[in-house]
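In what follows, a single structure is set out as structure tokens and then discussed.
The values are calculated or read from the model by the stated rules, or taken from the named source; none is laboratory data. This is a predicted model, so every value here is computed, not measured. No Cβ is skipped: glycine too gets one built from the backbone with ideal geometry, and neighbour counts run over all protein chains shown.
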Amino acid sequence: MNETNQQKLVNAGFRIIRREDHLPAYLRIKVKGGSHEWKTLEKGFATKAALNRRMDELLKDEKTVED
């Protein structure tokens, strides 16, 4: 998804989330919403599995999509 498509979704009231699991010591979920910038939504997950479970919970919302 490119920046233009992300902005269209944000302008339509959607929230875009992204998992960051590149470094096992720093697992987090980032969000892009009304501010049009990526910010940390949640961090401090003990495992990738915990991060993935939380992502699944967040994606149940009809106005939340994954990048």
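When segment 46-61 is limited to residues that are at pLDDT 95 or above, basic (K, R) and surrounded by 11 or more Cβ atoms within 10 Å (Cβ to Cβ), the one that is nearest to I17 (Cα to Cα) turns out to be R54.
Residues of segment 29-45 that are surrounded by 17 or more Cβ atoms within 10 Å (Cβ to Cβ), in contact with a helix residue (DSSP H, G or I) (Cβ under 8 Å, 6 or more places away or on another chain) and in a strand (DSSP E or B): I29, K32. One residue stands out in segment 1-45 among those that are of a type in the set (S, T, Y) and within 15 Å of D67 (Cβ to Cβ): the one that is modelled with the lowest pLDDT, namely T4. Suppose we keep only residues that are assigned to a helix (DSSP H, G or I) and either in contact (Cβ under 8 Å) with a residue 24 or more places away in the chain or touching a strand residue (DSSP E or B) at 6+ places or on another chain (Cβ under 7 Å) (or both) within segment 46-61. Which one would you say is nearest to R15 (Cα to Cα)? Looking at residues that are assigned to a helix (DSSP H, G or I) and either in contact (Cβ under 8 Å) with a residue 24 or more places away in the chain or touching a strand residue (DSSP E or B) at 6+ places or on another chain (Cβ under 7 Å) (or both), I get L58. Taking the criterion of being outside any loop (DSSP other than H, G, I, E, B) and touching a Gly at 6+ places or on another chain (Cβ under 9 Å), the only residue of segment 18-28 that qualifies is R28.
Considering only residues in segment 10-28 that are touching a residue at least 24 places away in the same chain (Cβ under 8 Å) and surrounded by fewer than 15 Cβ atoms within 10 Å (Cβ to Cβ), the one that is nearest to K60 (Cα to Cα) turns out to be G13.
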